[in-house]
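The values are calculated or read from the model by the stated rules, or taken from the named source; none is laboratory data. The shown structure was predicted, so the numbers you read here are calculated from the model rather than taken from an experiment. Glycine also receives a Cβ, built like all others from the backbone with ideal geometry; neighbour counts cover every protein chain displayed. Each accessible area value is taken on the protein alone, full model and side chains, heavy atoms only, with ligands, DNA and RNA left out. Shrake-Rupley method; radii C 1.70, N 1.55, O 1.52, S 1.80 Å.
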Amino acid sequence: TIAGDRAALDIMMDKMNRYESWEAEGAYLTPDTRMEGGSEAVREFAAQARSRERKPNFFQAVRFIQGWDERVADRIKRQFGDVGLDDEDGYAIEAGAEEVIVCAPSLRGLVYGACTLRQLGEDGFLRRGLVYNAPLCSFRGLKVYLPAAEEIGFFKAFVDMACYYRYNRIILEVGGAMEYKRHPEINEGWVAYCEEMREYSGKTLDIQRSFNWAKNSIHCENGGGKWLSQETVRDLVAYCKARGLEVIPEVPCLSHSDYMLIRHPELAERQDDPYPDTYCPSNPASYDLLFDILDEVADVFEPEVIHIGHDEYYSIGLCDRCRGRSAPELYAEDIARIHRYLAGKGIRTM
């Protein structure tokens, strides 16, 4: 519809927060171009914009400045009007006579500016001029599993790709795929469970469909069906944060809790399920275990937000403790209880 309506298309384009002014002339980013300021990750991204060969006409330096350079900010206002420079993910690039300045109010903005150098240049060539970018969407997230130990290199390359495409958050499902020092039985049970579920392709679907009640999907790909040490997960989190990504751990709660219940079937809502996936929300012991898990996740990730799952809640009000209570009451009470616990630790709930 928009493509067929020129006026609507013009309005949409006007609202895109990208402002550019380029000259015909330019120079090259080459191996001789110095990368100054910013973080190591920022300079790594920018280095990918260089040509492979040395050129006679090259920029002497790329300077990264966290915070708005007053001269660049004034030039943006003169060139583009009052576009506002208050978005923490915004950034500016000024390619001048001898050097390129990239400035942004945040590390994340500098990462985006470094990635843009790579996108703008062809074999390292960059026209002189000015660009200011700010995102239209404030939450740009990806949800993924923790990687298998042998896929950590690929995972880090994937994170770099996410930065290149301007994602600012990554949600990592934890489940049984991270070491729990207080409850090693969770990890032991998780590995055994995943080995059984990965016996042949399609077994997880066979298990889901073999009972006369609805069951959660089985996430045995998480961590490659094994688990990572806390130190390894800390390294992955640090790698993401060094690139400006906010890391949100997902700890499946209430439903999708098979990783908790493999070795603690006494907490299951449905006692006749050989593969329970939902804990009893009326049993205080469910929260003794869950809050131990949340404590360890909070210690490793140091997050502002924890995602608590709660999808595919099927086994409701079946056990002696829960029978007769309504689904909305059980669901809301569980969320509120987890929310209070996390709020007490200064962590928001997703």
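Against the numbered list (1) free of Cβ contacts under 8 Å to residues at least 60 places away in the same chain; (2) open to solvent by 40 Å² or more (accessible area, probe 1.4 Å); (3) outside any helix (DSSP H, G or I); (4) closer than 28 Å to Tyr287 by Cβ, Ile218 comes up short only at (2).
Applying a threshold of 6 Å to beta carbon distances and a minimum spacing of six or more residues, or different chains, the list of pairs starting in the range 192-207 at a residue that is under 18 Å from Ala148 (Cα atoms) and ending at one that is open to solvent by 30 Å² or more (accessible area, probe 1.4 Å) and in a loop (DSSP other than H, G, I, E, B) reads Tyr193/Ile262.
Of everything in the range 321-350, what is assigned to a loop (DSSP other than H, G, I, E, B), out of contact with any helix residue (DSSP H, G or I) (no Cβ under 8 Å at 6 or more places or on another chain) and over 9 Å from Ser282 (Cβ atoms)? Give them in sequence order. It would help to see each step written out before you state the result.
Looking only at the range 321-350, we keep the residues that are assigned to a loop (DSSP other than H, G, I, E, B), and these are 321-326, 345-347, 350.
Checking the rest, the ones that are also out of contact with any helix residue (DSSP H, G or I) (no Cβ under 8 Å at 6 or more places or on another chain) come to 321, 323-326, 346, 350.
Listed by number, the residues that qualify are Arg323, Gly324, Ser326, Gly346, Met350.
Looking across the range 130-177, the residues that are among the basic types (Lys, Arg) and touching a residue at least 40 places away in the same chain (Cβ under 8 Å) come down to Lys143, Lys156, Arg166, Arg169.
Within the range 77-114, count every residue that is among the aliphatic types (A, V, I, L, M), closer than 26 Å to Tyr167 by Cβ and modelled with pLDDT under 95.
Step one: list which residues in the range 77-114 are among the aliphatic types (A, V, I, L, M), which gives 83, 85, 92-93, 95, 97, 100-102, 104, 107, 110-111, 114.
When the remaining residues are screened for being closer than 26 Å to Tyr167 by Cβ, the result is 83, 85, 92-93, 95, 100-102, 104, 107, 110-111, 114.
Checking which are modelled with pLDDT under 95 leaves us with 83, 85.
Residues flagged as among the aliphatic types (A, V, I, L, M), closer than 26 Å to Tyr167 by Cβ and modelled with pLDDT under 95 within the range 77-114 amount to 2.
Annotation: of all residues in the range 198-215 being in contact with a Phe, Trp or Tyr (Cβ under 9 Å, 6 or more places away or on another chain) and part of a loop (DSSP other than H, G, I, E, B), the one that is surrounded by the fewest Cβ atoms within 10 Å (Cβ to Cβ) is Trp213.
Results for (1) at pLDDT 65 or above; (2) in contact with a Lys or Arg (Cβ under 9 Å, 6 or more places away or on another chain); (3) more than 19 Å from Glu99 (Cα to Cα), shown as yes or no for each residue.
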residue	(1), (2), (3)
Ala3	no, no, yes
Met16	no, no, yes
Ser21	yes, no, no
Tyr28	yes, yes, no
Arg34	yes, yes, no
Gly37	yes, yes, no
Ser51	yes, no, no
Arg54	yes, no, no
Asn57	yes, no, no
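Residues of the range 63-84 that are outside any helix (DSSP H, G or I) and either hydrophobic (A, V, I, L, M, F, W, C) or on the phi > 0 side of the Ramachandran plot (or both): Phe64, Ile65, Gly67, Trp68, Gly81, Val83, Gly84.
Please go through the range 19-62 and pick out each residue that is charged (D, E, K, R), over 20 Å from Asp89 (Cβ atoms) and in a strand (DSSP E or B). Matches in the range 19-62: Glu23, Glu25, Arg34, Glu36.
Any residue in the range 272-287 that is at pLDDT 95 or above, open to solvent by less than 10 Å² (accessible area, probe 1.4 Å), within 16 Å of His183 (Cα to Cα) and in a helix (DSSP H, G or I)? Looking for residues that are at pLDDT 95 or above, open to solvent by less than 10 Å² (accessible area, probe 1.4 Å), within 16 Å of His183 (Cα to Cα) and in a helix (DSSP H, G or I), one finds at least one in the range 272-287, hence yes. Would you confirm whether any residue within the range 331-343 is open to solvent by less than 50 Å² (accessible area, probe 1.4 Å), touching a Pro at 6+ places or on another chain (Cβ under 8 Å), within 27 Å of Val247 (Cα to Cα) and in contact (Cβ under 8 Å) with a residue 12 or more places away in the chain? Checked the range 331-343: at least one residue is open to solvent by less than 50 Å² (accessible area, probe 1.4 Å), touching a Pro at 6+ places or on another chain (Cβ under 8 Å), within 27 Å of Val247 (Cα to Cα) and in contact (Cβ under 8 Å) with a residue 12 or more places away in the chain.
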